[in-house]
Amino acid sequence: MTIPPHDCLARNAWICGAYLRTRRQILLDATVQHLQLTALSVLVGLVIAVPLAVLARRWRWAAGPVLALTTILYTIPSLAMFSLLLPVYGLSATLVVAGLVLYSLTLLVRNILAGLRAVPEETRQAARGLGYGPVRLLLTVELPLALPAAMAGLRIATVSAVSLVTVGAIVGFGGLGNLIYAGMNTYFKAQVLTASVLCVLIAVAADLLLLGVQRLVTPWTRAGRARAPAARGRPRARLLGTRAGRA
């Protein structure tokens, strides 16, 4: 039997428009699940990471154990992590979210802690002199100044979560990973390629979105970068002016 040249599904082509048309709802459902698992895991990780970083900043003795624990969790292979969590959560989406939360803690805690440590001590002293209590100091001074480092960690954690969600296909909750896994088992080229490309697009879009949010919530960093070239140019201008005067 001769396969029609326009039937890319029958030819099992890598790029196939018919696959996109006939599996639109399947792709949409998988993409939505992928986004939900990623967003939930990163948000929960952020809720846990902020108190841990603040604790490590307030009490220096806690920094070592907190960083060591989160680092150890990050070194556990994903299949082993899901296996360890399986008795607790069973075959569910919660299992995938819990694993991703544990992985995100290393990136989030380290970056948030680095941002808090980078806050100048004179800034803290000035805020205390104005009557700021510990909570107000944290919320209105320390955390805002730590945002650049925290957002950098959030971007990395989000992109990592997008890729790790696919591993959840082993328990049936992997978003686009379910399509990749099924496509590889049946050597369905269009499904493997399409789902993989969508994963990449989600990761790139999430990173660009968070970068935009970072630029929006930290306008002083842009102002600082804009002043730096001008400041570097002024000594050169003064030097040229001095040389011209001597000439």
### Summary
Probe 1.4 Å, heavy atoms of protein chains only: per residue, the accessible area of the chain in Å² is 57 Å²
### Cα gyration tensor shape for the chain, rounded if a/c is under 1.5, else prolate or oblate
oblate
## Note on the structure
Length-normalised contact order of the chain, Cα under 8 Å, at least 6 apart, in percent, tallies to 24 percent
### Summary
With all protein chains in place and a 1.4 Å probe, D7 shows an accessible area in Å² (nearest 10) of 50 Å²
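The values are calculated or read from the model by the stated rules, or taken from the named source; none is laboratory data. Computed from a predicted structure; not experimentally measured. For accessibility, only protein heavy atoms count, side chains too; no ligands or nucleic acids. Shrake-Rupley method; radii C 1.70, N 1.55, O 1.52, S 1.80 Å.
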